[in-house]
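To start, the structure under review is shown below, and the notes come after it.
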Amino acid sequence: MKPRVPILLALMLAASLSACKKQEQAATDAPAGTAASTAAPAAQPAPAGEPQAPPAAAAAAPATEPAGPAFDLASVAVTTKELPPFPYVGMPSQLKKSDLREKEVDFEAGYVLAGTELRRVEGKINYRWFDLSDLKMSQLGAHRNYENALKELGATKVNQVQPRDEAFVKANGGDSFKINKKLAESLLSKPADPTVPAFTQYLIRTPQTNIWIAVFLWNGDGRVGVRVIEEKALEQVVSVLPAAELSSALQKAGHVALYLNFDTDSHALRSDSLPAVDEVVKLLQSEPKLKLRVEGHTDTTGDAAHNRKLSLARAESVVKAITARQIAANRLSAVGKGPDQPLADNATEEGKARNRRVELVRV
């Protein structure tokens, strides 16, 4: 169970950002972002006073390109701070909901910049970004606010280079655009103020896991991005219901939920979901008169309109996979419901996992 932070700590960032905004405003008035995981958490915490060993598989995760010297996770002390819930870092309370953009996925691979190493990790990822103009805040103000708030959480700055540094780019394939994209920001540029870093990578080590928090600053449009990766193992959700069980569920309830894996924010059906598709094909082959509506459903993370389009595209991908196995297209239809018909509370990760589904409905 993750520790929970008192309300005062959870509000620390918002209060800090608010104070900075007031300071900047006063100055203005004066003249002048089933596959086995490689990121299993450590089984036991280290004894008091000793550094915690990193998750064994995560430390062994291979890089896919040349990298700098391997970063020593043990060089960062395990925090004793109480942490707020994921994604750990708050957003400014002054921001309107429409001004804050967010993407979150329960399990995916991402890259972090540790020392001079571009390191691949796996786990839960949250990425949020907003425009500084919405807060009348400078890049320096944003940098200092996040720096102070993350230090209060026990975070340590771990990058020794910037993503655009020539030696680093050369050591990692020579394409700065691709490197920035791995880190989540393909358009990362150098801020106008040379004292403000465009990219800062922080690490919080706990007895259970590693938490990587990156802060991005754009020069072009004055934007701030914060990406959080909490290393963890994959929680298997794809289940294969035999055709007979699918038939029984459809006869009893008229619908049945399938939990399939798709690429992040994509309608591409992953290969580990194909056995479940094969059982749907067997069902349709055994019942020649059966027709199905394939409904895509999402949780509430992100924009609702985008999720409806994505859920339709995913339902269409399932239909395409079924008809590719010699099932007549007129026996299937696709509908995207997005977040509109949840099965569980979207306030919990378990509820979100239940809501991300594809349903087969008898028509």
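Our Cα-only numbers for the stretch 240-294 put the radius of gyration and Dmax at 12.0, 35 Å.
Counting only DSSP beta bridges whose two residues both lie in the stretch 243-362, roughly 65 percent are antiparallel. Ordering 249-256, 208-215 by mean Cβ neighbour count within 10 Å, with the highest value first, yields 208-215, 249-256.
Under a 5 Å amide H cut-off, with hydrogens placed 1.01 Å from N, Phe107 pairs with Ile125 among residues at least 5 apart or on other chains. Quick check for you: which residues of the stretch 296-337 have the amide N under 15 Å from the point 7 Å beyond the Cα of Leu274 toward its beta carbon? Flagged as within label range: 318, 320-326. Distant-in-sequence amide contacts of Gln208, defined by a placed amide H-H separation under 5 Å and a gap of 5 or more residues or a different chain, comprise nothing.
Considering Cα pairs under 8 angstrom that are at least six residues apart, work out the relative contact order of the stretch 243-362 and quote it in whole percent. 35 percent. Residue pairs exceeding 25 angstrom between C-alpha atoms, taken from Lys124/Lys182; Lys97/Lys320; Lys97/Lys232; Lys97/Lys178; Lys181/Lys352: Lys97/Lys320; Lys97/Lys232; Lys97/Lys178; Lys181/Lys352. Between Leu290 and Phe177, the simple spin-label model (points 7 angstrom out along Cα→Cβ) gives 4.8 nm. Applying the Karplus relation 6.51 cos²θ - 1.76 cosθ + 1.60 with θ = phi - 60° to the stretch 242-252 yields 3J(HN,Hα) values of x, 3, 5, 6, 4, 4, 5, 5, 5, 5, 7 Hz, where x marks Gly and Pro. Residue-normalised convex hull volume from the C-alpha trace of the stretch 243-362: 96 Å³ per residue.
Look at Phe86, Phe177, Phe216, Phe262 and count the other Cβ atoms within 10 Å of each Cβ; fewest to most, that gives Phe177, Phe86, Phe262, Phe216. Other residues within the sphere of radius under 11 Å centred on the Cβ of Lys157, judged by their own Cβ, net out at 0 (K and R +1, D and E -1). Taking amide H positions as modeled 1.01 Å from N, with prolines and chain starts lacking one, the residues under 5 Å from Ala114 and 5 or more places away or on another chain are Arg119.
Per-residue Karplus couplings for the stretch 297-306, computed as 6.51 cos²θ - 1.76 cosθ + 1.60 with θ equal to phi - 60°, are listed in order as 10, 10, 8, 9, 5, x, 6, 5, 5, 4 Hz, Gly and Pro entered as x. Given a Förster radius of 30 Å and the C-beta distance between Val240 and Arg101 as r, what FRET efficiency does 1/(1 + (r/R0)^6) yield to the nearest 0.05? Once rounded, the FRET efficiency stands at 0.25.
Only the coordinates and a few stated rules stand behind these numbers; no lab work does. On a predicted model such as this, the values are computed, not experimentally measured, just so you know. Cβ coordinates were reconstructed from backbone atoms using ideal geometry, including for glycine residues, and neighbour counts include every protein chain displayed.
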